[in-house]
Amino acid sequence: MKFLTKEVKIALTAITAAVLVFIGVNFLKGINIFQSSNTYYVKFKNVGGLVVSNPVYANGYPVGIVRDIQYDYQNSEKVVVQVELDDEMRVPKGTCAELESELMGGVKMNLILGPNPTQHLVPGDTLTGGPSHGVMAQLETAMPEVLALVPKLDSILVNLNRLTGDPALAHTLQNAESLTANLNQASRRLNSLMANDLPVTLGKLNRTLDNAERLTGNLAAVDVQTTMQSVNSTLADAQQFVNQLNGMTTDLSRKMTSTDNTLGLFLNDRGVYDNLNGTLQSADSLLIDLKAHPKRYVHFSIFGKKDK
């Protein structure tokens, strides 16, 4: 019991405290010192914010941590990252690593497993690494273009605010509301028409089509050839009549303009007109004188004696 002196107890307590601190620090870093692991190395040109104790993922599942990061002074373009993977993790040949930036600013390492699951790397082998070409990398690439669009977006928002504050927009919305109401009313009328008037119209149309079909059947039953012959005969007789009428008209016109007949002389001879006109005037004078002096032309006597 003399061995457990006060100084020994203090030393044991200090050692125990140091071990607990070591275990706690590693636990906070995500390192489980009681779990066996395999060490691999990954070479990057730029680690881009990767720090020790960052997790290492394979297919989205954490399979290890970053144990150490060292700069390769022999090759100034390389940074060697030491990673510890679970002892059960088998790394296929052809596996590479990618660094992916997270939304909160951290960086995580993703293992892109090789295509051959039967051939594996042995602990201590070196993998090649590079930046990820995922969403964040594309976002970083597109960031300059996004920044260039910000002034245009601000101008668009200003114009949009000006447009929404314009009284004409409210008036346009009111007109659109009125137009919608009119369209609804027209739609109700159309529905009423389709439900009431359209069936009646279709019934009448069907009857009309039936009548047309019967008329077509009757026309098909008519002897068209005989009818056309009768029509042609009638048209020929009518043409003959017209020709005779034209001949009579021509003959009458010729006789009226010629002087070798009585009608032509009567219509074309000036002397006949003058004689006829003189005769009519003489007859008119005779009638006037007869009315004025009837006793000159008619004598009445009871005893047969003439009045001298």
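The values are calculated or read from the model by the stated rules, or taken from the named source; none is laboratory data. Just so you know, these numbers come straight off a predicted model, no measurement behind them. Reconstructed Cβ throughout: ideal geometry from the backbone, glycine too, with neighbour counts over all protein chains shown. These area figures cover heavy atoms from the full protein model, side chains too; ligands, DNA and RNA do not enter into them. Shrake-Rupley method; radii C 1.70, N 1.55, O 1.52, S 1.80 Å.
Report, by residue number, each residue of the range 1-25 that is at pLDDT below 70 and open to solvent by 70 Å² or more (accessible area, probe 1.4 Å).
Met1, Lys2, Phe3, Leu4, Phe22
Answer yes or no: is there a residue in the range 94-111 that is surrounded by fewer than 16 Cβ atoms within 10 Å (Cβ to Cβ), closer than 14 Å to Gly129 by Cβ and modelled with pLDDT of 80 or more. Let's see the steps before the verdict.
Keep residues of the range 94-111 that are surrounded by fewer than 16 Cβ atoms within 10 Å (Cβ to Cβ), which gives 94, 96, 102-106.
The next check asks that each one be closer than 14 Å to Gly129 by Cβ; those that pass are 94, 96.
Applying the additional criterion that residues be modelled with pLDDT of 80 or more yields 94, 96.
Within the range 94-111, one or more residues are surrounded by fewer than 16 Cβ atoms within 10 Å (Cβ to Cβ), closer than 14 Å to Gly129 by Cβ and modelled with pLDDT of 80 or more.
Every residue in the range 275-285 that is at pLDDT 80 or above and either touching an Asp or Glu at 6+ places or on another chain (Cβ under 9 Å) or not β-branched (Val, Ile, Thr) (or both), please.
Of the residues in the range 275-285, the ones at pLDDT 80 or above are 278-285.
If the condition is that a residue be at pLDDT 80 or above and either touching an Asp or Glu at 6+ places or on another chain (Cβ under 9 Å) or not β-branched (Val, Ile, Thr) (or both), then Gly278, Leu280, Gln281, Ser282, Ala283, Asp284, Ser285 are the ones that fit.
Do we have any residue at all in the range 133-145 that's at pLDDT below 90 and surrounded by 17 or more Cβ atoms within 10 Å (Cβ to Cβ)? Give the steps one after another, and end with the answer.
Restricting attention to the range 133-145, the residues satisfying the condition of being at pLDDT below 90 are 133-145.
So of that shortlist, the ones also surrounded by 17 or more Cβ atoms within 10 Å (Cβ to Cβ) come out as none.
Checking the range 133-145: not a single residue is at pLDDT below 90 and surrounded by 17 or more Cβ atoms within 10 Å (Cβ to Cβ).
Within the range 212-225, how many residues are open to solvent by less than 80 Å² (accessible area, probe 1.4 Å) and at pLDDT 80 or above?
Count: 1.
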